[in-house]
Amino acid sequence: MPATSQPASATDAAANSATPTLAPNAARHDAQHSIAFFREASPYIRQHRGKVFVIAFSGEVIQLGNFRRLIQDIAISAALGARLVLVHGSRPQIDERLGSRQHPITFQHDIRVSDQAALRAAQESCGYIRIMLENMLGFALAQPGLSDNGLELSSGNFVTAKPLGVLDGVDYGFTGKIRRIRHAAIRTQLELDRIVLLSPLGYSPTGETYNLRYEQLALETAQALAADKLLFLDHTALHLPAAMTLAEARACSAQHSLLPQIVAALENKVGRVHLLDATIDGTLLMELYTRSGSGSMIAANASETTRPASTDDISGILEIIRPLEQTGTLVRRSRQQLELEIDNFLVTVLDRQVIGCAALYNTDDPTIGELACLAVDPAYRSASRGQQLLQAVIQAARTQHKQRLILLTTQTTDWFREQGFVAGEIEDLPEAKKTLYNFKRNSKVCVLTL
Ligand SMILES: CC(C)(COP(=O)(O)OP(=O)(O)OC[C@H]1O[C@@H](n2cnc3c(N)ncnc32)[C@H](O)[C@@H]1OP(=O)(O)O)[C@@H](O)C(=O)NCCC(=O)NCCS
């Protein structure tokens, strides 16, 4: 039994608490919110168990006011079974040390030129950060219920480096580049349920220490470990799409300081990289355990297809259409109904995640098909996916020799007009559809001649 025992339930917790903090309604609302999150998170918790994630954060992130909470979230993901390698930056901490000694700070092409004093400042900064992180993570993991499975932190000599040398006449001194990541040793630590912490320093067989770029260290570690995910937490706000292909990231690489390196890494076999804004509280948990995520995912070979749906897609479809049913945009369908009608559905799938759907139904008139339930996940809208799904439905309708496509919509008439539909009347509907028409819902009829 753990030394500090947790209340067995929220009711126990409330009974133990001398001063209840929430009125019953507010408490229920709060609990419902948590339950919704828990339901959404459950599949991801299962999916991420045993997976290797490299989480990199800059030295500036360490200075953020919410950094302690980020560490708590890292501890939570580790306790939920993800295997974590943390890579930290130290640039502002090194600059501060050099500044306080009135020592010049020198960069060439955004790479530090490390003389003896800069190397010493790097060693001191990394030592300090490492001790601080060990302390913070140790504290977070010691929270009742989190550390029962014996999670620990492991840091060590996992990186061999060599000097960057002289480039374009500039001698980079003790700035190094990675020679080898001891991935088997890191894996051993992960399998022992340890969180591995890597500082941006590498050691040479000749006994030298080299100052490394944390971004490079994270990218090469992810590659050497064949990590399941590489997440970069940065201190600057992100104004990037939720998902980008390599080509899209290349095109907007001037928009974020990390993008050029991420692009280079993706070109060199890292599968995908997630870029997160660390100033958002809970960003890591949102990215890992919610459907819409939090940051921007850049994938080298994002596989996106629109194809007929199968029963495996039902949960994904429901996640997209449930919120739209609640606002009355779509008519409610039960899971059972969806199971029966799944052959009518098409889905757009990005990396095994359903991000859009549409359905084509037969009507009592064999020449008329009904388009329904066209929806795209909000995180992926405005990139022509709606149009592509519609085209796929039109194609399917033509294959079935339909001559017209009809649909009923309350809020999307304009969009369908832009796609070539014209306004229709209830009279245009096939007979059975006319009888079922819900006058209270007052949907508009749209018609497309195929
Ligand atoms: C309609 C919908 C499927 C479009 O998906 P999408 O992938 O964003 O589609 P596209 O990228 O091809 O088109 C996006 C454009 O349509 C516009 N648009 C979206 N909804 C619209 C609406 N109701 N009326 C008019 N225009 C609309 C967007 O503003 C965007 O234009 P912009 O990029 O200039 O801002 C999506 O908005 C959605 O899921 N809506 C909720 C469900 C719904 O209403 N379904 C139709 C009933 S069956």
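Computed from the coordinates by the stated procedures, all read-outs in this text should not be read as laboratory data. Only a predicted model underlies this, so the values are computations on that prediction, with no experimental measurement involved. All Cβ positions, glycine included, derive from the backbone under ideal geometry; neighbour counts span all protein chains shown.
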field: HN-Hα J in Hz across the stretch 116-126 - Karplus 6.51, -1.76, 1.60, θ = phi - 60°, x for Gly and Pro
entry: 4, 5, 5, 5, 4, 5, 5, 5, 5, 4, 5
- request: Report the calculated FRET efficiency for Phe139 and Ser384 (r = Cβ-Cβ distance, R0 = 60 Å), to the nearest 0.05.
  value: 0.80
query: How far is helix 385-399 tilted, in degrees, relative to the longest principal axis of the Cα atoms in the chain, given as a value from 0 to 90 rounded to the nearest 10?
result: 40
statement: Here, Asn25 and Asp168, labelled 7 Å along Cα→Cβ, have an inter-label distance in nm of 6.5
- request: Just flag the trypsin sites (Lys or Arg not before Pro) in the stretch 285-356 sitting in loop per DSSP whose Cβ has no more than 13 other Cβ atoms within 10 Å.
  value: Arg332, Arg352
- request: Could you pull out every residue, at least 5 positions away or on a different chain, whose amide H is within less than 5 Å of the one on Gly89? Hs are placed 1.01 Å off N in the peptide plane, and Pro or chain starts have none.
  value: Phe57, Ser58, Gly59
- line: For Ile105 and Arg49, extending 7 Å from Cα along the Cα-Cβ vector and measuring point to point gives, in nm, a value of 4.6
- prompt: So how many Lys-Lys pairs in the chain land under 25 Å Cα to Cα, not counting same-chain pairs under 8 apart?
  reply: 12
field: In Hz, Karplus ³J(HN,Hα) per residue of the stretch 361-373 (6.51, -1.76, 1.60; θ = phi - 60°; x = Gly, Pro)
entry: 10, 6, 10, 6, 9, x, 8, 10, x, 10, 8, 8, 6
task: Give the long-range amide H neighbours of Leu153: residues separated by 5 or more places, or on another chain, with amide H under 5 Å away, using H modelled in the peptide plane at 1.01 Å from N.
output: Ile195
- line: Here the equivalent ellipsoid of the stretch 295-450, derived from its Cα gyration tensor, has semi-axes (largest first, whole Å) of 26, 17, 16
- prompt: Where the eigenvalues come from the Cα gyration tensor of the stretch 40-299, what are the semi-axes √(5λ) of the equivalent ellipsoid, largest first, in whole Å?
  reply: 28, 22, 18
- prompt: How much net charge surrounds Pro205 when only the other residues with a Cβ under 11 Å from the Cβ of Pro205 are counted, with Lys and Arg +1 and Asp and Glu -1?
  reply: +2
query: Once the Cα gyration tensor of the chain is diagonalised, what are the square roots of 5 times its eigenvalues, in whole Å and ordered largest first, as equivalent ellipsoid semi-axes?
result: 50, 29, 18
message: Can you give me the angle between helix 314-326 and the longest principal axis of the chain, using Cα atoms only, in degrees from 0 to 90, rounded to the nearest 10?
response: 70
message: Could you list Val61, Val347 so that the one with the fewest beta carbons within 10 Å of its beta carbon is first and the one with the most is last?
response: Val61, Val347
- request: Search the structure for amide H atoms under 5 Å from the amide H of Gly356, placed 1.01 Å from N in the peptide plane, and list their residues when 5 or more places away or on another chain.
  value: Thr348, Asp377
- prompt: In sequence order, what are the phi-derived ³J(HN,Hα) couplings for the stretch 274-282 according to the Karplus relation 6.51 cos²θ - 1.76 cosθ + 1.60 with θ = phi - 60°, rounded to whole Hz, with x for glycine and proline?
  reply: 10, 10, 10, 8, 5, 6, 7, 5, x
query: Given a Förster radius of 51 Å and the C-beta distance between Gln32 and Tyr128 as r, what FRET efficiency does 1/(1 + (r/R0)^6) yield to the nearest 0.05?
result: 0.70
message: Can you give me the angle between helix 214-225 and the longest principal axis of the chain, using Cα atoms only, in degrees from 0 to 90, rounded to the nearest 10?
response: 70
message: At 1.002 mPa s and 20 °C, plugging the Kirkwood radius over alpha-carbon pairs of the stretch 223-308 into Stokes-Einstein gives what diffusion coefficient in µm²/s?
response: 161
Total formal charge among the other residues, if their Cβ is under 14 angstrom from that of Arg194, Lys/Arg +1 and Asp/Glu -1: -2
